[in-house]
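The values are calculated or read from the model by the stated rules, or taken from the named source; none is laboratory data. Here the structure is a predicted model, which means the values were calculated and not measured. Here the Cβ is made from the backbone with ideal geometry for all residues, glycine too, and neighbour counts use every protein chain on show.
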Amino acid sequence: MPKVVISGSTCREFTGGISEIEVTADTIGRMVRELDQRFPGLGHHVAEFMAVAIDGVIFQDAHSEKLPENAEIVLIPKIGAG
Amino acid sequence: MTYIGNKSDLRVVGTRPDRPDGVEKVTGRAVYGADFRLAGQLTGRILRSPHAHARIIKIDTSKAKALPGVKAVMTAEDLPNITSEEAFVGEGPTNFRDQSLNVMARGKVLYEGHAVAAVAAMSPSIAEAALALIEVTYEVLPHVIDVEEAMAPGAPILDENLFTAGVDPKPTTPSNIAKKIILKSGDIDAGFAKADVIAEGRYVTAAVHQAYIEPHACVATIGADGQATVYASSQGHFMIRSFCAKLLGMEISNIRVIPLEIGGGFGGKTIVYLEPVALKLSQISGKPVKLVMTREEVFRASGPTSGAVVEVKMGAMKDGTIVAAQAVLKYQAGAFPGSPVQPGLMCAFAMYDIANVHVTGYDVISNRAKVAAYRAPGAPISSYAAEQVVDDLARQLGMDAITIREKNAAKAGTKTVYGVTFPEIGYEAVLAAAKSHAHWKAPLGKNQGRGIATGFWFNIGGESSASVFVNEDGSVSVVSGSPDIGGSRASMAMMAAEVLGIPVDNVRPIIGDTASIGFTNVTGGSRVTYATGMATVQATEKVIEQLKQRAAMIWDISPDAVDWKDGQAVPAGANAGGFDPLSLAAIAAKAGKTGGPIGSEVSVNAQGAGPGFGAHICDVEVDRETGQTTIIRYTAIQDVGRAIHPSYVEGQIQGGAVQGIGWALNEEYIYGA
């Protein structure tokens, strides 16, 4: 199963400090919903303010993107403009 | 899709054609925000706070309203009092309530220059006279400017409802520290225990302004039917539409924003200051209203980047392996939360493969103008500090400054402190280019010194739209939703020309307004050439499919039997028939008879942008008597991927270097002098 890694303290507030979570979801959108069911509020926070790195490649607002079976999924703050 | 970055037989991409906006700009025909005017427009002016921190007791506008020629006067009471709502718009995370309060102060002024009222009048002199007639009664409050003084117990509190986020247990008293963020990997104490040498330092950077040549400017008009049009210079006209709708309580469909030429942005034009005010003044007066900031207003009331204090400590083994890196970042946010401390944390040590990292960031408000994005927001500040300490480690170890960076360089497989494992990246190639460059080995003269620093930025994709149309004569129009601040029109034209196989001179690129092209994120984050380019290439490919179909109709053969080659439709093979090639112009001439106009629009949410790394080498000479510092030589090495128009890419790098030199040597905000 894909493993979600939470490196920042803001998201860990939703998980009670848990920093690694295995999910059954196979897309980013389904992962967002699954995280919200398990940690209420986290899904919304991820959807609005976080980017998702799948095996090192960063995706923003790409809810249809597939999660490979054993992928490492890292939640990081969305990258803004400059 | 055509992957231009991987193609080896490019004809247009990588060349240096004249820029399509060049003649207009050098002859003065280009219309910037301050140039634009509408018939019957009024002149707007904004009254700004003379105090750094004060309670607004009363604003009496009656005398200003009574002045002949004054058509509208407004304060925050004329704007919706919106509640706190966080969102990701424009430059990054924002709070609509804070944006509203920044556009026009309500209850308190939080920095010198904070807008408190605005007027629209028949002439500039009447507008200025009206401002002088507005009576504001203030209760002056203690203020705080310095970031560490703002963090200290007992500091004047700007917002009684602000409690530090990211702290456990949750605080019960308000603070100017909006957020504390910690990123960590490995075991920092164990890392330092392994170190043979330790270097540390405290680095202070000044708040500096993006200093775009063109001030903020706009003209807004709103009719009796509620339909509004804003003409503005910005890094994102869709961003302006979003903010105006939210801050004024309007429907997005009732606002059209038309982009004008932009005279520099560098991140500072990714938020609004004037546009909601101009719209409200227009609504009150029933006339178009023009607002233009003076240079002084730009500095006082629009966002610079953060000033900061950064403390860094790093440890390395005798062989140069860096085993621990620790940093504390204290970033000024200005009067409202939202400094770029988060990317500062993520970028500080991103160039290195370090097992044990611990970085702490503070987002701190103080009585300064709200900060705005500035080229890789947050990253230069933390990188500056980290790179000094890497140099100190090298000196202690007797190592070359590039060699220690090579020894610890991030590469494919390196896990960053923010958790992402790098894919293939170019940092080692950048270092190799720096080391082999003649500059690195050149002798230095008396009182001369050489420094090197490296840096990282993520790069992003995002939402972009582009359309490609074939005109009646076979020329091509490319319309995109991205304001052109760094040559994107040229890049879009070149990519369309490359895919079509035609000269770039046959392609005219323009920027569409919010009603004529699909939604597009702001121009920034090094995303436009990548994301809007992706939309342009895909739209062009759809046009080619249409061109092949039209050729097939003309020849009365199957579309599958038509190829597109060198800007022409050709039979796919001998069996397709012996037809002469059909040029773009020939197909365009018959478009009406083969199905109508030829064109396509594509919107994308581009993903997968690769990170960028750079290294700058600088030689300076210092007059030991006066301290005068002169740049002797400067070399920049940047991993740019595929340069669509190399001159623009070079310009971006040169501009970044010049802004960095200014930041290091010449620029700062000085309060209370």
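Taking the stated definitions as given, is B:VAL312 part of a strand (DSSP E or B), aliphatic (A, V, I, L, M), in contact with a strand residue (DSSP E or B) (Cβ under 7 Å, 6 or more places away or on another chain) and more than 16 Å from A:THR10 (Cβ to Cβ)? Answer is yes for this residue.
If the condition is being closer than 23 Å to B:GLY236 by Cα, exposed (fewer than 14 other Cβ atoms within 10 Å of the Cβ) and of a type in the set (Asp, Glu), then the stretch B:6-51 contributes only B:GLU24. Return the residues of the stretch B:222-270 that are of a type in the set (Gly, Ala, Ser) and either surrounded by 24 or more Cβ atoms within 10 Å (Cβ to Cβ) or assigned to a helix (DSSP H, G or I) (or both); say none if nothing qualifies. Residues satisfying the conditions are B:ALA228, B:ALA232, B:SER233, B:SER234, B:GLY236, B:SER242, B:ALA245, B:SER253, B:GLY265, B:GLY267, B:GLY268.
Strands (runs of 3 or more DSSP E) fully within the stretch B:52-148 that include at least 1 residues being out of contact with any Cys (no Cβ under 8 Å at 6 or more places or on another chain) and aliphatic (A, V, I, L, M): B:54-60, B:70-74, B:86-89, B:115-121, B:135-140.
Consider the stretch A:37-82 and keep the residues that are among the aromatic types (Phe, Trp, Tyr) and more than 19 Å from B:PHE422 (Cβ to Cβ). The one that is farthest from the other protein chains (Cβ to nearest Cβ) is A:PHE39. Inspect all residues belonging to the stretch B:407-417 and state whether any of them is more than 25 Å from the chain's Cα centre (by Cα) and free of Cβ contacts under 8 Å to residues at least 24 places away in the same chain. Among the residues of the stretch B:407-417, at least one is more than 25 Å from the chain's Cα centre (by Cα) and free of Cβ contacts under 8 Å to residues at least 24 places away in the same chain, which makes the answer yes.
Out of B:ASN459, B:ASN408, one residue alone is modelled with pLDDT under 95, of a type outside the set (Asp, Glu) and touching a helix residue (DSSP H, G or I) at 6+ places or on another chain (Cβ under 9 Å). It is B:ASN459. In the stretch A:64-74 there is no residue matching the filter, namely being among the hydroxyl-bearing types (Ser, Thr, Tyr), modelled with pLDDT under 90 and in contact with a helix residue (DSSP H, G or I) (Cβ under 9 Å, 6 or more places away or on another chain). Scanning the stretch B:464-477 turns up at least one residue that is under 24 Å from B:ILE644 (Cα atoms), within 14 Å of chain A (Cβ to nearest Cβ) and crowded, with 20+ Cβ neighbours inside 10 Å. Applying the selection to the stretch B:171-199, what residues are over 18 Å from B:TYR362 (Cβ atoms) and either within 14 Å of another protein chain (Cβ to nearest Cβ) or assigned to a strand (DSSP E or B) (or both)? Answer for the stretch B:171-199, where residues must be over 18 Å from B:TYR362 (Cβ atoms) and either within 14 Å of another protein chain (Cβ to nearest Cβ) or assigned to a strand (DSSP E or B) (or both): B:SER185, B:GLY186, B:VAL197, B:ILE198, B:ALA199. Taking B:ARG489, is it away from every other protein chain (no Cβ under 14 Å), more than 13 Å from B:GLU541 (Cα to Cα), part of a strand (DSSP E or B) and in contact (Cβ under 8 Å) with a residue 24 or more places away in the chain? Taking the combined requirement at face value, the residue does not satisfy it.
The set of residues from the stretch B:494-551 being closer than 23 Å to B:GLY264 by Cα, part of a helix (DSSP H, G or I) and over 19 Å from the mean Cα position of the chain (by Cα) comprises just one member, B:MET494.
Given the structure, is A:LYS3 within 13 Å of chain B (Cβ to nearest Cβ), at pLDDT 90 or above and over 12 Å from the mean Cα position of the chain (by Cα)? No; evaluated as a whole, the condition is false for this residue. The residues listed here are B:PRO646, B:PRO597; of these, the one that is surrounded by fewer than 17 Cβ atoms within 10 Å (Cβ to Cβ) and over 30 Å from B:ILE554 (Cβ atoms) is B:PRO646. Quick one: is B:SER383 modelled with pLDDT of 95 or more, within 26 Å of B:ARG642 (Cα to Cα) and of a type in the set (S, T, N, Q)? When the stated conditions are applied, B:SER383 passes them. I'd like to know if the stretch B:274-288 contains one or more residues that are in contact with a Ser or Thr (Cβ under 6 Å, 6 or more places away or on another chain), crowded, with 22+ Cβ neighbours inside 10 Å and under 30 Å from B:GLY660 (Cα atoms). Checked against the condition, which is being in contact with a Ser or Thr (Cβ under 6 Å, 6 or more places away or on another chain), crowded, with 22+ Cβ neighbours inside 10 Å and under 30 Å from B:GLY660 (Cα atoms), the stretch B:274-288 yields no hits at all. Does B:TYR362 satisfy the condition of being modelled with pLDDT of 95 or more, surrounded by fewer than 21 Cβ atoms within 10 Å (Cβ to Cβ), of a type in the set (Ser, Thr, Tyr) and closer than 23 Å to A:ILE79 by Cα? Criteria not met by B:TYR362. Among the numbered conditions (1) surrounded by fewer than 18 Cβ atoms within 10 Å (Cβ to Cβ); (2) away from chain A (no Cβ under 14 Å); (3) of a type in the set (D, E, K, R), the only one that B:ASP168 does not meet is (2). One residue is enough: does the stretch B:401-419 have a residue meeting the conditions hydroxyl-bearing (Ser, Thr, Tyr), more than 14 Å from chain A (Cβ to nearest Cβ) and closer than 21 Å to B:LYS318 by Cα? Yes.
Of the residues B:ALA207, B:ALA211, which is closer than 23 Å to B:TYR669 by Cβ, touching a Ser or Thr at 6+ places or on another chain (Cβ under 8 Å) and not in a strand (DSSP E or B)? None of the other options fit; the residue is B:ALA207. Hey, among B:PHE469, B:PHE456, which residue is out of contact with any Asp or Glu (no Cβ under 8 Å at 6 or more places or on another chain), hydrophobic (A, V, I, L, M, F, W, C) and over 25 Å from B:PHE88 (Cα atoms)? None of the other options fit; the residue is B:PHE469. For the stretch B:559-613, residues that are touching a Leu at 6+ places or on another chain (Cβ under 9 Å) and part of a strand (DSSP E or B) total 8. In the stretch A:6-37, the qualifying residues are those that are loosely packed, with under 14 Cβ neighbours inside 10 Å and among the β-branched types (Val, Ile, Thr), and the one that is nearest to B:MET346 (Cα to Cα) is A:ILE18.
When B:ARG45, B:ARG37, B:ARG97, B:ARG11 are checked against the criterion of being in contact (Cβ under 8 Å) with a residue 12 or more places away in the chain, closer than 30 Å to B:ALA673 by Cβ and charged (D, E, K, R), B:ARG45 stands alone in meeting it. For B:GLY592, indicate whether it is touching an Asp or Glu at 6+ places or on another chain (Cβ under 9 Å), surrounded by 19 or more Cβ atoms within 10 Å (Cβ to Cβ) and within 28 Å of B:ALA535 (Cα to Cα). Answer is no for this residue.
Filter the stretch B:307-319 for residues that are closer than 22 Å to B:MET351 by Cα and small (Gly, Ala, Ser); which is surrounded by the fewest Cβ atoms within 10 Å (Cβ to Cβ)? Within the stretch B:307-319, the match that is surrounded by the fewest Cβ atoms within 10 Å (Cβ to Cβ) is B:GLY315.
Taken over the stretch B:426-453, the criterion of being in a strand (DSSP E or B) and touching a helix residue (DSSP H, G or I) at 6+ places or on another chain (Cβ under 6 Å) is satisfied by B:ILE452, B:ALA453. When A:ARG30 is tested against (1) within 13 Å of another protein chain (Cβ to nearest Cβ); (2) of a type in the set (D, E, K, R); (3) over 24 Å from B:GLU85 (Cα atoms), exactly one condition is not met: (1).
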